[in-house]
1. Here is a check on your reading of the model: is E13 assigned to a loop (DSSP other than H, G, I, E, B), in contact (Cβ under 8 Å) with a residue 40 or more places away in the chain and charged (D, E, K, R)?
2. Could you tell me whether the range 29-45 includes any residue that is among the charged types (D, E, K, R), more than 19 Å from L202 (Cβ to Cβ) and at pLDDT 95 or above?
3. Applying the selection to the range 210-248, what residues are of a type in the set (D, E, K, R) and under 14 Å from the mean Cα position of the chain (by Cα)?
4. Only one of these conditions is not met by A163: (1) in a strand (DSSP E or B); (2) more than 18 Å from G41 (Cα to Cα). Which number is it?
5. Considering (1) closer than 26 Å to G88 by Cα; (2) under 17 Å from the mean Cα position of the chain (by Cα), say which one T207 fails and leave the rest.
6. Restricting the search to the range 199-241, which residues are crowded, with 20+ Cβ neighbours inside 10 Å, more than 16 Å from the ligand (Cβ to nearest atom), not in a helix (DSSP H, G or I) and not aromatic (F, W, Y)?
Amino acid sequence: AAQDTLLEVNNIEVIYNHVILVLKGVSLSVPKGGITALLGGNGAGKTTTLKAISNLLRSERGDVTKGSITYQGDRIQDLTPADLVARGVIQVMEGRHCFEHLTVEENLLTGAYTRKEGNRAIKDDLEMVYEYFPRLRERRTSQAGYTSGGEQQMCAIGRAMMARPEMILLDEPSMGLAPQLVEQIFGIVKRLNEEQGVTFLLAEQNTNVALRFAHYGYILESGRIVMDGPAAELRENPDVKEFYLGMS
Ligand code: ATP
């Protein structure tokens, strides 16, 4: 693989409860500095793929039974999610998962828990997050559980940024959000990619928006990658138009 490939998923198979085969040989690669989209309908296996990468399947009785996953050339399948955070890979799970009883700012600060720099660096990063998400600054003393869905999604991404990640795995950022907010959040993801150099692998059902912001896309159907290519090419592909963009 090229030296600028960060993550390489090679032909993985995932089985839940020892019997339910959900991923049937999925391969993908994520270049450093890119936004890569993993697309597909409900139940196609997007979340399972992200959880396989961040080693979160075990608690759901899921196992990677074939294939390999490497990060910068090193096998990462036996790392704990905490080890991965230390390597710079952060997952933002579907449904945002803020700590509801903490304030927005306390939530953001929890993202920095593995860091060893002093308070100064962490304060600077808090400022950086507030520059990208001015709304979070306004809401910083609010209890996260009482903020809107869009604010919680921002909080979850902001918290991930507080760990100074090299790569963020972002599961379904558009879920449950109004179109205007989806645009706003994808716009910020793009800026974080361009200005902070963060690599993204994002799972999305909203093919339309994802292909406008991503560089490259993979389409997953029933646990198999059925198509992949540069986002601009996928947007023009007749099958993608017909089946995923809702206009033929
Ligand atoms: P969604 O957008 O709904 O999250 P997805 O593409 O992310 O869809 P997955 O959540 O990865 O899809 O689910 C893929 C398949 O695996 C589905 O058929 C789902 O029912 C099944 N599945 C997911 N989690 C489990 C589990 N813990 N045990 C058994 N089957 C599961």
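1. On the way: assigned to a loop (DSSP other than H, G, I, E, B): no; in contact (Cβ under 8 Å) with a residue 40 or more places away in the chain: yes; charged (D, E, K, R): yes.
Judged against the criteria, E13 is not a match.
2. No, the range 29-45 contains no residue that is among the charged types (D, E, K, R), more than 19 Å from L202 (Cβ to Cβ) and at pLDDT 95 or above.
3. none
4. It is condition (1) that A163 fails.
5. Failing condition for T207: (1).
6. T199, A214
Every residue, every condition in (1) touching a strand residue (DSSP E or B) at 6+ places or on another chain (Cβ under 9 Å); (2) of a type outside the set (D, E, K, R), yes or no:
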{"site": "K24", "(1), (2)": "yes, no"}
{"site": "G33", "(1), (2)": "yes, yes"}
{"site": "L39", "(1), (2)": "yes, yes"}
{"site": "G45", "(1), (2)": "yes, yes"}
{"site": "L56", "(1), (2)": "yes, yes"}
{"site": "G73", "(1), (2)": "yes, yes"}
{"site": "T80", "(1), (2)": "no, yes"}
{"site": "H101", "(1), (2)": "yes, yes"}
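The values are calculated or read from the model by the stated rules, or taken from the named source; none is laboratory data. Quick caveat: nothing in here was measured; it's all calculated off a predicted structure. Every residue, glycine among them, receives a Cβ derived from its backbone with ideal geometry; neighbour counts consider all protein chains shown.
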